[in-house]
Amino acid sequence: MSEQRFLLKGGKVLGGAVTDLLISNGRIEAMSPSFSDESSTVIDLKGSVVLPGLVDLHTHLREPGREDSETVASASRAGAKGGFVALSAMANTSPVADTAGVVEQVYRLGQEAGFVDVFPIGAVTQGLKGEQLSEIGAMADSVARVRVFSDDGNCVFDPLVMRRALEYIKKFDGVIAQHAQEPRLTVGSQMNEGIISSKLGLKGWPAIAEEAIIARDVLLADHVQSRLHICHVTTAGGVEIIRWAKARGIQVTAEVTPHHLLLTDDLASSYDPVFKVNPPLRTTRDVMALRDALADGTIDIVATDHAPHTSETKDCEWAEASFGMIGLETALSIITKTMVETGLLDWSAVAQRMSIAPAEIGRYSNHGQNLAVGSPAHITVINPTKSWVVDRDLVLSKSRNTPYHGYELPGVVTHTFFGGQATMIDSKVIDKAVQ
Ligand SMILES: [Zn+2]
């Protein structure tokens with residue numbers, strides 16, 4: 001760990017009062033309206049907003065198995081660029097992260113890269129097949145201390161398997177993160193089922209395929225008194241079910257992706273597979289319901305569902321293309337555009353939804369803490385008065401499948417500090433010095 005001291009001057013903590021922060025030994029050593037410290041590297045943050053470091057609960061890092069599309073190291077750098085200090089590595093790798101051996105490998109790769117903490121997510125079932133439970137206990141007891149389990153990419157569709165998984169994870173305070181997709185209702189589905197899918201002749205993906213699983217699983221979570229997390233909610237109906245479940249005191253949390261807060265299914269009219277994603281882009285009515293749900297807390301967090309794909313698997317006909325889009329480097333700007341500039345969230349609420357609550361759901365105890373003296377120095381800085389134009393050829397991810405190429409987005413993430421170490425300064429990622 002670097003001994004370097006940083007004095008962050010003139011930034012607004014959570015968008016409020018101007019506060020200087022002194023970082024040393026990995027922690028926030030002092031906070032004050034204004035002071036000087038000659039032994040520190042001074043960083044001028046006038047006009048910027050200082051947030052606790054961002055935590056992503058849903059990231060596809062693709063290693064092991066698809067290192068041509070992304071690696072733990074490349075995703076970690078892309079994460080630092082986007083203001084993240086912790087990523088949660090989804091289990092649908094090759095081999096699948098369904099044993100202690102694989103999750104420990106991913107965890108160690110994250111430590112070696114050193115830009116963020118990489119918290120592996122364990123598969124719920126062996127090989128993501130939805131049949132036999134994976135080595136859940138061994139993964140929880142491993143060095144990686146896995147607390148989040150998901151078959152993401154696949155739905156845990158068998159209600160008995162889902163019930164057993166929810167029961168099993170209770171003993172170590174785990175959570176099942178469900179990719180809610182009723183498989184029988186989505187065979188061959190290509191995009192949201194609606195007017196646009198009929199017009200384009202692409203097989204539809206009905207909202208109820210998502211909502212039926214959410215409804216079933218909140219009832220199961222209630223029945224066995226366990227913790228359930230719903231990945232990437234996309235429909236107004238899904239929001240209504242989660243709102244009902246929370247009102248009943250059911251232990252359910254939910255996430256929404258940045259892209260589902262902005263993009264809609266009419267983009268499929270271009271037949272550009274960069275807009276092909278699972279779950280699919282929905283309607284404007286759904287987007288507005290998701291924004292309101294994130295604002296009122298029905299949806300707890302933003303998660304990127306960063307899903308890198310090579311051009312071989314993405315630059316082809318819509319029907320053949322892989323599902324997914326990258327999102328680490330644009331997430332905070334999309335939230336600035338959809339939630340802050342619209343007045344739906346203030347910066348304190350953004351910190352809650354992109355740092356504090358995701359760390360709480362994942363039980364990442366060293367993350368998601370309020371900016372206070374003594375807290376770990378995980379810090380993200382954004383200048384909301386500046387804007388930038390997304391260029392897919394400049395992303396740090398190994399894959400280029402951003403849906404925002406050419407978009408002008410508000411909010412430039414300028415600095416990231418991970419455990420007191422600067423991983424990005426003035427929008428430039430800092431590669432570790434050779435040791
Ligand atoms: Zn998913």
Among His306, Leu371, Leu394, the residue whose Cα sits farthest towards the positive end of the charge dipole of region 300-435, when +1 is placed on the Cβ of each Lys and Arg and -1 on the Cβ of each Asp and Glu, is Leu371
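Can you give the charge dipole size of region 1-113 about its Cα centre, rounded to the nearest 20 debye, using +1 on the beta carbon of Lys and Arg and -1 on the beta carbon of Asp and Glu?
340
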Per-peptide average of other Cβ atoms within 10 Å, ordering 146-152, 382-388, 260-266 highest first: 146-152, 260-266, 382-388
Rounded to the nearest 500, the 222 nm mean residue ellipticity computed for the chain from DSSP H runs (n ≥ 4, each -39500 (n - 2.57)) alone is -7000 deg cm²/dmol
Which residues' amide hydrogens lie under 5 Å from the amide hydrogen of Ala89, considering only partners 5 or more residues apart or on another chain, with H built in the peptide plane? Phe119, Ile121
Near the amide H of Thr257, under 5 Å away, which other amide H atoms are found, from residues 5 or more places off or on another chain, if H is placed in the peptide plane? Val233, Ala303
How far is it, in nm, from the label point at Arg145 to the one at Arg392 when both lie 7 Å from their Cα along the line to the Cβ? 4.0
Using a Förster distance of 35 Å, how high is the FRET efficiency between Tyr271 and Trp244, based on the Cβ-Cβ distance and rounded to 0.05? 0.40
Give me the aspartates and glutamates in straight-line cross-link reach of Lys171: C-alpha distance below 18 Å, same-chain residues under 8 apart excluded. Glu135, Asp141, Asp222, Glu360
If you plug each phi of region 177-187 into the Karplus form 6.51 cos²θ - 1.76 cosθ + 1.60 with θ = phi - 60°, what whole-Hz ³J(HN,Hα) values come out, in order, with x for Gly and Pro? 9, 9, 8, 7, 8, 5, x, 5, 8, 10, 5
How far apart, in nm, are two points set 7 Å out from the Cα along the Cα-to-Cβ line at Phe323 and at His405? 2.3
Could you name the aspartates and glutamates in cross-link range of Lys46, using Cα to Cα under 18 Å and dropping any fewer than eight places away on the same chain? Asp20, Asp37, Asp426
Rounded FRET efficiency, nearest 0.05, which uses the C-beta distance separating Ile430 from Glu341 and R0 of 25 Å: 0.30
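Order 325-332, 217-224 from most to least packed using the mean count of other Cβ atoms within 10 Å.
Descending packing order for the listed peptides: 325-332, 217-224.
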When the chain is treated as a GNM, springs tying every alpha-carbon pair under 10 Å, which of Phe119, Phe84, Phe323 comes out with the largest mean-square fluctuation? Phe323
At 7 Å along the Cα-to-beta-carbon direction for both Ala17 and Asp173, put a label point, then send me their distance in nm to one decimal. 3.2
Region 59-145, accessible area per residue, ligands and nucleic acids excluded (1.4 Å, Å²): 33
How do the peptides 414-425, 48-59 rank, highest first, by the average count of neighbouring beta carbon atoms within 10 Å per residue? 48-59, 414-425
Would you please give the FRET efficiency between Glu112 and Lys203, computed as 1/(1 + (r/R0)^6) with r the Cβ-Cβ distance and R0 = 51 Å, to the nearest 0.05? 0.75
Kindly report the accessible area of region 157-295 per residue (heavy atoms of protein chains, probe 1.4 Å, no ligands, DNA or RNA), in Å². 39
Suppose every Lys and Arg Cβ carries +1 and every Asp and Glu Cβ carries -1, with no other charges. What dipole size does the chain come out with about its Cα centre, to the nearest 20 debye? 520
Residue by residue through region 310-317, what is 3J(HN,Hα) from phi via Karplus (6.51 cos²θ - 1.76 cosθ + 1.60, θ = phi - 60°)? Round to whole Hz and write x for glycine and proline. 5, 5, 4, 9, 10, 8, 8, 4
What is the percent carbon and sulfur in the accessible area of the chain, measuring with a 1.4 Å probe over the protein chains and ignoring ligands? 51
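What is the Å³ per residue value for the convex hull set by the Cα atoms of region 4-56?
81
The values are calculated or read from the model by the stated rules, or taken from the named source; none is laboratory data. On a predicted model such as this, the values are computed, not experimentally measured, just so you know. Using ideal geometry, Cβ is built from the backbone for each residue, glycine included, and neighbour counts are taken over all protein chains shown. The protein model used for the area step is the full one, side chains on, heavy atoms only, and it has no ligands, DNA or RNA in it. Shrake-Rupley method; radii C 1.70, N 1.55, O 1.52, S 1.80 Å.
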